[in-house]
Amino acid sequence: MMVDEGSPVPDVAMEGAEGKPISPADFKGHKLVVFFYPKDDTSGCTREAKDFTASADEFRKADTWLLGISKDDRRSHEKFTAKYDLSVPLASDVDGAACAAFGTWVEKSMYGRKYMGIERATFLVDRDGVIKKVWRKVKVPGHVDAVLAAARELP
């Protein structure tokens with residue numbers, strides 16, 4: 001399954017901070033940026049999370065919530081958050097339900113070896129819970145600025 005612009009945001013439960021359940025559908029009534037990333041504490045993922053953290057105040061001014069998702073467990077997220085002083089909430093999709101619902105669990109290839117992994121992707125959701133913008137195969141440099149600009153344009 002792959003969600004696209006115009007699709008309702010999937011209502012899929014994950015484990016959030018302190019073990020509390022969280023779902024993108026919980027944010028209805030607010031704008032939301034959902035970003036999927038492959039792995040805590042890897043170079044690209046660290047840069048992306050730090051970039052979102054650095055712009056968190058600007059997203060708040062645009063009345064937009066942020067939610068990062070990977071298959072790492074809560075303990076990994078806690079260490080990652082503490083190590084880099086991240087302010088972006090992270091959700092654990094250990095069973096892969098969110099990745100499946102958003103279509104981010106894909107076949108990848110590195111050095112000729114094929115394997116399954118999380119595609120770096122970002123989804124901008126409006127206040128009604130509808131996906132308004134999708135970025136797939138994200139390249140980290142400049143990405144957060146593009147997402148912020150789109151969030152500011154969304155009523």
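Scanning the range 41-51 for residues that are assigned to a helix (DSSP H, G or I) and not basic (Lys, Arg), we see that the one that is surrounded by the most Cβ atoms within 10 Å (Cβ to Cβ) is Ala49.
Can you find, within the range 1-40, the residue that is most open to solvent (accessible area, probe 1.4 Å) among those that are out of contact with any Lys or Arg (no Cβ under 7 Å at 6 or more places or on another chain) and acidic (Asp, Glu)?
Quick first cut of the range 1-40, residues out of contact with any Lys or Arg (no Cβ under 7 Å at 6 or more places or on another chain) only: 1-4, 6-14, 16-18, 20-28, 32-35, 39-40.
Narrowing further to those that are acidic (Asp, Glu): 4, 11, 18, 26, 40.
Values: Asp4: 92, Asp11: 121, Glu18: 141, Asp26: 99, Asp40: 13 Å².
Result: Glu18.
Is it the case that some residue within the range 62-80 is open to solvent by 50 Å² or more (accessible area, probe 1.4 Å), outside any helix (DSSP H, G or I) and out of contact with any strand residue (DSSP E or B) (no Cβ under 9 Å at 6 or more places or on another chain)? Within the range 62-80, none of the residues are open to solvent by 50 Å² or more (accessible area, probe 1.4 Å), outside any helix (DSSP H, G or I) and out of contact with any strand residue (DSSP E or B) (no Cβ under 9 Å at 6 or more places or on another chain).
Which of the residues belonging to the range 90-136 are basic (Lys, Arg) and open to solvent by less than 70 Å² (accessible area, probe 1.4 Å)?
Lys108, Arg120, Arg136, listed by residue number.
Output yes when any residue across the range 12-23 is touching a Gly at 6+ places or on another chain (Cβ under 8 Å) and in a helix (DSSP H, G or I), and no when none is. Quick ask: steps written out before the conclusion?
In the first step, residues of the range 12-23 are kept if they are touching a Gly at 6+ places or on another chain (Cβ under 8 Å); the result is 22.
Checking which are in a helix (DSSP H, G or I) leaves us with none.
No: zero hits.
May I ask you to verify whether Ala54 is within 20 Å of Ala146 (Cα to Cα), in contact with a helix residue (DSSP H, G or I) (Cβ under 8 Å, 6 or more places away or on another chain) and open to solvent by 50 Å² or more (accessible area, probe 1.4 Å)? For Ala54, the condition - within 20 Å of Ala146 (Cα to Cα), in contact with a helix residue (DSSP H, G or I) (Cβ under 8 Å, 6 or more places away or on another chain) and open to solvent by 50 Å² or more (accessible area, probe 1.4 Å) - is met. A Cβ distance below 8 Å, combined with a sequence gap of six or more or placement on separate chains, defines the contacts here; from the range 79-102, residues that are more than 18 Å from Val33 (Cα to Cα) reach residues that are part of a helix (DSSP H, G or I) in the pairs Phe80/Thr46; Phe80/Ala49; Tyr84/Thr46; Tyr84/Ala49; Tyr84/Lys50; Tyr84/Thr53; Asp85/Thr53.
The values are calculated or read from the model by the stated rules, or taken from the named source; none is laboratory data. Since we're looking at a predicted model, the values are computed, not measured. Here the Cβ is made from the backbone with ideal geometry for all residues, glycine too, and neighbour counts use every protein chain on show. Please note that ligands, DNA and RNA were not included when accessible areas were found on the heavy atoms of the full protein model with its side chains. Shrake-Rupley method; radii C 1.70, N 1.55, O 1.52, S 1.80 Å.
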